[in-house]
Amino acid sequence: HDDMDDVVDEMITFEGLGPQIIQEPEQEDLQTVVDHVPDSVVEQVEPTRRSERPRVQPRRYDDFILNVSLDVLMLEHSEPSTYKQAVTGPDSKKWLEAMRSEMDSMFENQVWDLIDLPNGVKPIGSKWIFKLKTDKDGNVSVYKARLVAKGFRQIHGIDYDETFSPVVMVRSIRIILAIAAYYDYEIWQMY
């Protein structure tokens, strides 16, 4: 506490005012200052307005949690979150068939090129995502498996340099189709 008194009693020079001693105001001094505030200033100060509305605890996500709980109860099957759960669960044959279908589709569409990994480079991992597709009655109709890359582990400048996602506007396609129809052109899709 003595250190604080030393700091408070320190001499400080303000521009044009000369040296002054800063002291901690006492309670009587504060009351004196308050008593000497002009009435014009007091009239300008408006009291803080408080809401008269009754306060109610918010009901966050109550309906969502209830709906999700009912959906989970209605599902006889659940979606696995890992590969291990998929291959060891009760529907493992159906999940394995979905994974085999995904791999066949990737092979058929040639979505990757197999190359030798350069020295000192660590490959980006992948993960299986499993989804159950249901019909209008809520019965499971399709077991869907997708193999996705863990792109969030990539580092800019090391794993990639540019990011782009070519997306065409519907208006542009309509214009091209209108021009092709007008001039009787053939349209070829190339990928």
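The values are calculated or read from the model by the stated rules, or taken from the named source; none is laboratory data. Just so it is clear, the structure is predicted and the values come from calculations on it, not from any experiment. In this analysis, Cβ positions are derived from the backbone assuming ideal geometry, glycine residues included, and neighbour counts consider all displayed protein chains. Accessible surface areas use protein heavy atoms only, side chains included; no ligands, DNA or RNA. Shrake-Rupley method; radii C 1.70, N 1.55, O 1.52, S 1.80 Å.
Of note:
- Consider region 128-169 and keep the residues that are of a type in the set (A, V, I, L, M) and closer than 18 Å to Met99 by Cα. The one that is least open to solvent (accessible area, probe 1.4 Å) is Ala145.
- Some residue of region 112-119 being at pLDDT below 90 and either closer than 30 Å to Ser78 by Cβ or open to solvent by less than 90 Å² (accessible area, probe 1.4 Å) (or both): yes
- Residues that are part of a helix (DSSP H, G or I) and of a type in the set (A, V, I, L, M) were ranked within region 92-117; the one that is nearest to Lys144 (Cα to Cα) is Ala98.
- Only listed residue being modelled with pLDDT under 65, under 37 Å from the mean Cα position of the chain (by Cα) and surrounded by 10 or more Cβ atoms within 10 Å (Cβ to Cβ), chosen from Val87, Val72, Val68, Val37: Val68
- Residue list for region 118-137, restricted to those being among the aliphatic types (A, V, I, L, M) and within 17 Å of Gly151 (Cα to Cα): Val121, Ile124, Ile129
- Here Trp188 meets the list (1) open to solvent by less than 100 Å² (accessible area, probe 1.4 Å); (2) free of Cβ contacts under 8 Å to residues at least 40 places away in the same chain; (3) out of contact with any Asp or Glu (no Cβ under 6 Å at 6 or more places or on another chain) almost entirely, failing just condition (1).
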